[in-house]
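Each reported figure results from applying straightforward, stated rules to the coordinates on display, with no laboratory input. Quick caveat: nothing in here was measured; it's all calculated off a predicted structure. Note that we place each Cβ from the backbone using ideal geometry, even for glycine, and neighbour counts take in every protein chain shown.
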Amino acid sequence: MTLEIIGVSVLWLFLFLYVIVASIDFGAGFFNAYSAFTNKQHILTNIIQRYLSPVWEVTNVFFVFFFVGIIGFFPQTAFYYGTTLLVPASLALILLAIRGSYYAFATYGARINHRGYIYMYGLSGLLLPASLSPVLAMSEGGFIKMNGGEPYLDYWALFTSPLMWSIVVLSITAVLYISAVFLTWYAHKAGDLKATELIRKYALVWAGPAIVTATGIIFELRSHNPEHYSRILDLWWMFAISFLLFCGTVYLIWKKKNYGLAFILLVGQFFTAFFAYGVSHYPYLLYPYLTIYDGFTNESMAIALIIAFIAGLGLLLPSLYLLFRLFLFDKDYVKGKSDYHA
Amino acid sequence: MGFEDTALLSRILTMMTLSFHILYATIGVGVPLMIMIAQWVGIKKKDDHYILLARRWARGFVITVAVGVVTGTAIGLQLSLLWPNFMQLAGNVIALPLFMEVFAFFFEAIFLGIYLYTWDRFEDQRKHLLLLIPVALGAAASSVFITIVNSFMNAPQGFDLVNGELINVSPLLAMFSPAVPTKVAHVMSTAFMTSAFVLASIAALRILQGSTHVYHKKALLMTMKLGLVFSVATALIGDFSGKYLAEYQPEKLAAAEWHFETEDEARLILFGVLDGQEPKYAIEIPYALSILAHGLPDAEVTGLNEFPEDEIPPLWIHYLFDTMVTIGMWLAFFSFVYVVAAWRKWPIITKKWFRWLTVATGPLALIAIEAGWWFTEVGRQPWILRGYMKTSEAATTSGQVDLMIILFAGLYFILGVGTIVVLSRMYKRNPVEKELAQRQKADKGGDPE
């Protein structure tokens, strides 16, 4: 295994973790807003706040980890993506700010539970994946172009691209699906039957669109990036495993059995698909300009980063375990029997 | 032309983000220590007031942290969005501390979540206090790592640039540049100092508003004592920073001091206006610059005449430097007077004008923080990486920076106003008197006071 592969695998793993934890966060916000809209808010708000308020900052760090890490391991990405992402990334920052300030001002603080705020918070959960996911489309090439040695983003090509829009739709459906499956489990653990039943329905509703759009993207790649498409076909078995796991989740949710296992299968489904996509994307960070080899940092920095990563992980994993034990696996906390907020 | 323009616009946006973020970051680094001290004193003295103090501070703190997370994410991303050429170079050499900062913050965020949601969950308060240690350590460590990156920009080392190629990169050497000791110490001590004074301001304001509860007096005396300790530490470290500058960035010190010609027995110039190269209406302290720079009254201090014209920082940083130093000195002096007066029970302390001066310490400390960062950033110009890359070469070529300035200005305005409104509303709805009464009711037979 080369240093390049280790570096990109670490980053991809953290991006995957961000996709999962952020999807839970984004989707929950949307369901919360939707239930406020349909006057069923009392059912969901409690569940959502109990889980999300203590962990959203941790969720956010996964994102920061990814973009700081990619500059560290692949400094040239700053040159290509930095200039071109100014607008989409800034919009994403504004949306993240809406979410952060909702936690700060509405749940920790004076509890400003203005409806408009709840809607904005919910909507930001859908707009965020929509503003972040086009980066995946951009990495397929054809949207970032060079002008006099400087990269620029061809907005017209991007906004008229069916590939980009499919990825956006996938990101939104995936967010809602992942979130609904997780919250079904969490509500079930909390012993909240009404909430479980409601969110279980959401999970079943969003399962179909999620898998259809995901399949659609593979076919769009055939015309957009044939090289990538053929590599995806080589990895068909990984996508097949992913699909089987998907079926498992839907079956369990449908039969109202073992929601915990259903969520684990869902993580497995996204893990295999995400890594299959990542492996087929190899070696490009940006078609056709940048590969993980020519964009890589120097060897001494790479080794230093990997050592720091291992040391950091040694610190982080026990802490994350503690966090989840207290807020995810502690029955009294989840059920809302105890409230110890400062 | 367009190139220069985006560099200027990028500087404006970066300045905006950093100026806003630094307020939250400073509080984020300093306040955990204050909470820790209050909770510890409460446990030691078996005084419920201090425990409640820690708890109420923690409630406000979490709001500033949440906003700080947002603005911190913004600056983290904007570095790459606005300065892609710099980050491409820096990524190769100084990525290590940036990476480690994320871990430190990760650590802090996890334990902050745990700490906040586990009040009263432990029988033993000391166990709960233990959870705060990783929060304070994580906060301190992230500020250390970020300051290390900033130090590198001021005194880059740990690599060779040969024909535009980076060779012999040593990440550790780059991390421990000569600017690190003074900068890190200065950032830490000022964060503690500022947090202490901000909390003192709040207590003093409550007393001025007519609250007579002993709780506020305890809070005020404790924070003023801490403010004194850290402002004295800051002054000492500031002196070392002057010696660092004289050795490694003499043009920054010379520009700040309007020191045009290299000479010995150099005077220190405070305030004034510049007429050509001659300061007017300034306070001049003979030998003081030589002492600040080298510790000896007759030492030679490098002047601006030794540097090419296009590598000299703008001379108005003089005022930033003076603002920072004057406020620092005043805060050390004032907190000293306050602590002595409290100890000797001088009546001056209860005078209204004196209380107002106490209220002013927090805002003044925050102004000094801004002035200090503006001084160090503008004072590094025209370089983004001193001696290697100019700021104008580092910026993005994107044409939409101006739009983003408007967008983020709106965002910071809303976040700033939101913070103030929410914090004041939160404490007004639940004043300490009410909370103390509730707590007494809750555990009858306890020993309040």
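For the reader, a short list of remarks on this structure follows.
- Cubic angstrom per residue, convex hull over Cα atoms of the stretch B:345-401: 123 Å³
- FRET efficiency estimate (nearest 0.05) - Cβ-Cβ, B:ALA342 to B:LYS434, R0 22 angstrom: 0.25
- By the rule of a C-alpha distance below 28 Å, with chain neighbours fewer than 8 residues away ignored, the lysines paired with B:LYS352 are B:LYS217, B:LYS218, B:LYS225, B:LYS428, B:LYS434.
- Scaled against the 2.2 N^0.38 Å expected of a compact globular protein of N residues, the Cα radius of gyration of the protein assembly as shown reads 1.00.
- Net charge of the neighbourhood of B:THR376, taken over other residues with C-beta under 9 Å away and scored Lys/Arg +1, Asp/Glu -1, is +2.
- Per DSSP, loop trypsin sites (Lys or Arg not before Pro) in the stretch A:225-264 with at most 11 further Cβ within 10 Å: A:LYS255, A:LYS257
- Sequence-distant contacts, meaning Cα pairs under 8 Å at least 6 residues apart, place the relative contact order of the stretch A:3-335 at 23 percent.
- For trypsin sites (Lys or Arg not before Pro), the sites in the stretch A:50-154 that DSSP calls loop and that have at most 16 other Cβ atoms within 10 Å are A:ARG111.
- Amide H contacts under 5 Å for B:LYS390, placed H, 5+ residues apart: B:ILE384
- Local charge for B:ASN85 was computed over the other residues whose Cβ lies under 12 Å away, with Lys and Arg +1 and Asp and Glu -1, and equals -1.
- Computed 3J(HN,Hα) for the stretch B:140-153, one whole-Hz value per residue from the Karplus formula 6.51 cos²θ - 1.76 cosθ + 1.60 where θ = phi - 60°, is 5, 5, 5, 5, 4, 5, 5, 5, 4, 5, 5, 4, 4, 5, glycine and proline marked x.
- Couplings for the stretch B:287-304, taken from phi via the Karplus curve 6.51 cos²θ - 1.76 cosθ + 1.60 with θ = phi - 60°, read 6, 5, 5, 4, 5, 4, 7, 9, x, 10, x, 9, 5, 8, 10, 5, x, 5 Hz in order; Gly and Pro are left as x.
- Net length gained if the chain between A:VAL279 and A:SER9 were fully extended (0.36 nm per residue, minus Cα distance): 96.3 nm
- Working from label points 7 Å from Cα in the Cα-to-Cβ sense, the B:ILE414 to B:ILE167 distance is 5.2 nm.
- Residues in the stretch B:300-327 that a label on B:PHE271 would reach, taking backbone N under 20 Å of a point 7 Å out along Cα→Cβ: B:315-327
- Placing a label point 7 Å from the Cα of B:ASP5 along the Cα-to-Cβ direction, the residues of the stretch A:145-175 with a backbone N closer than 20 Å are A:147-155.
- Counted charge near B:GLY387, where neighbours are those whose Cβ lies closer than 15 Å (Asp, Glu -1; Lys, Arg +1): -3
- Volume per residue that the Cα convex hull of the stretch A:3-335 spans, once the total is divided by residue count, Å³: 135 Å³
- Sparsely packed loop sites in the stretch A:251-312 (the chymotrypsin sites (Phe, Trp or Tyr not before Pro) outside DSSP H, G, I, E and B with at most 15 other Cβ atoms within 10 Å) comprise A:TYR293.
- A straight line joining the Cα centroids of the stretch B:1-45 and the stretch A:149-227 runs 36 Å.
- Note on A:ASN147 and A:ARG222: the model spin-label points, each 7 Å out from Cα along the C-beta direction, lie 3.5 nm apart.
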